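K.L.:
Have a look at this one before I ask anything.
The values are calculated or read from the model by the stated rules, or taken from the named source; none is laboratory data. None of the values given here were measured: they were computed from a predicted structure. When we count neighbours, we look across all protein chains shown, and the Cβ atoms used for this are built from the backbone with ideal geometry, even at glycine. Ligands, DNA and RNA are stripped out before the accessible areas are found, and what is left, the full protein with its side chains, is counted by its heavy atoms. Shrake-Rupley method; radii C 1.70, N 1.55, O 1.52, S 1.80 Å.
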Amino acid sequence: RRLCDARVHLLGRALAGGKLLIEQIIGRGGVGAVYKARHRELMMPVAVKVLHESFQSDIDFARRFYAEALGASRLDHPNITRVLDFGQEPDGSLYFAMEFLDGVELKALQDKEKIFSAQRIAQIMMQVCAGLAHAHARGMVHRDVKPENLVIVKGHDDDGNEIEIVKVCDFGIALHRASDAPNGAVSGTPEYMSPEQCRADDEIDARADIYAVGVILYEMATGQLPFEAEHVVGLLNMHQFSPHPLPSKLNPEVDP
């Protein structure tokens, strides 16, 4: 009830010194809630993610939040969601303002289509890789690449033909406190986490994102995840120690 009241309280509120006017809530998750807002100066809709109140008193988290937000705001690539603003309100609320995407999550497409053709997989995932490569070249690692963080929007090529543009979302928001994780400073989504993330290694680099891309490729080609378990700990162990089933065992039609 308290969290619900807090979300309702933000509706109609102005953030960032009055620049961002919160209009409606469009989603919520473990890190915070996402709102549609109006940027008064740019005269355009934006998406604003406001982190849960519990993050406000975590000094180490706030420090990493600012570092990640600054890095994310410097990314400029057609396959990455642009970060337009970030900061902390007088009441302690941490927020990100991002470009508003009128599209569909890859997860929703997976739920509908299950198995994708090789051509469609390539068209989507080449764009994901392009966006990640741009970030990796600038020292940014996402750490939570998953279908829910890949949004497909409609666009046009140079000849005016309609195309699908893939946006990698939530750079700089894939932050989790060590106290939130059962296995040290684990961060990410267990189904897509690399072995080093499962081990809670101190240094996580671009290879963690590449591993997650491999899991998504596997899922799009077979309609199933390479590893599934009833409990999170079992899933973390499988990523580290278990061989995955060959894709062709799950889908004989998969492209070699």
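K.L.:
Quick check on this structure: which one of L84, L42 is surrounded by fewer than 15 Cβ atoms within 10 Å (Cβ to Cβ) and within 27 Å of I152 (Cα to Cα)?
P.N.:
Working: L84 fails: surrounded by fewer than 15 Cβ atoms within 10 Å (Cβ to Cβ).
After applying the criteria, what remains is L42.
K.L.:
While we're on this one: Specify which of the listed residues (L21, L70, L75, L42) is in a loop (DSSP other than H, G, I, E, B) and over 16 Å from the mean Cα position of the chain (by Cα).
P.N.:
Details: L21 fails: in a loop (DSSP other than H, G, I, E, B); L70 fails: in a loop (DSSP other than H, G, I, E, B); L75 fails: over 16 Å from the mean Cα position of the chain (by Cα).
Step by step, each of L21, L70, L75, L42 is checked, and only L42 is in a loop (DSSP other than H, G, I, E, B) and over 16 Å from the mean Cα position of the chain (by Cα).
K.L.:
Which one of the conditions (1) open to solvent by less than 30 Å² (accessible area, probe 1.4 Å); (2) at pLDDT below 95 does P226 fail to meet, given that it meets all the rest?
P.N.:
Failed condition: (2).
K.L.:
Same structure, new question: Looking at region 166-196, which of the residues that are at pLDDT 85 or above and more than 16 Å from the chain's Cα centre (by Cα) is nearest to L75 (Cα to Cα)?
P.N.:
Restricting to residues being at pLDDT 85 or above and more than 16 Å from the chain's Cα centre (by Cα), the top hit is E196.
K.L.:
Check off (1) at pLDDT 95 or above; (2) part of a loop (DSSP other than H, G, I, E, B) for I216 and give me the number that stays unchecked.
P.N.:
(2)
K.L.:
Within region 134-152, can one find any residue that is acidic (D, E), under 15 Å from the mean Cα position of the chain (by Cα) and at pLDDT 95 or above? Write out each step before concluding.
P.N.:
Kept after step one, since they are acidic (D, E), are these residues of region 134-152: 144, 148.
Subset that is under 15 Å from the mean Cα position of the chain (by Cα): 144, 148.
Then drop every residue that is not at pLDDT 95 or above, which leaves none.
No: region 134-152 contains no residue that is acidic (D, E), under 15 Å from the mean Cα position of the chain (by Cα) and at pLDDT 95 or above.
K.L.:
For region 113-122, name all the residues that are at pLDDT below 95 and under 20 Å from the mean Cα position of the chain (by Cα).
P.N.:
Listed by number, the list is empty, since nothing qualifies.
K.L.:
How about region 213-252: which of its residues are touching a residue at least 60 places away in the same chain (Cβ under 8 Å) and of a type outside the set (A, V, I, L, M)? Write out each step before concluding.
P.N.:
So the first thing to find is which residues in region 213-252 are touching a residue at least 60 places away in the same chain (Cβ under 8 Å), and the list is 213, 216-217, 219-223, 251.
Correct list: E219, T222, G223, N251.
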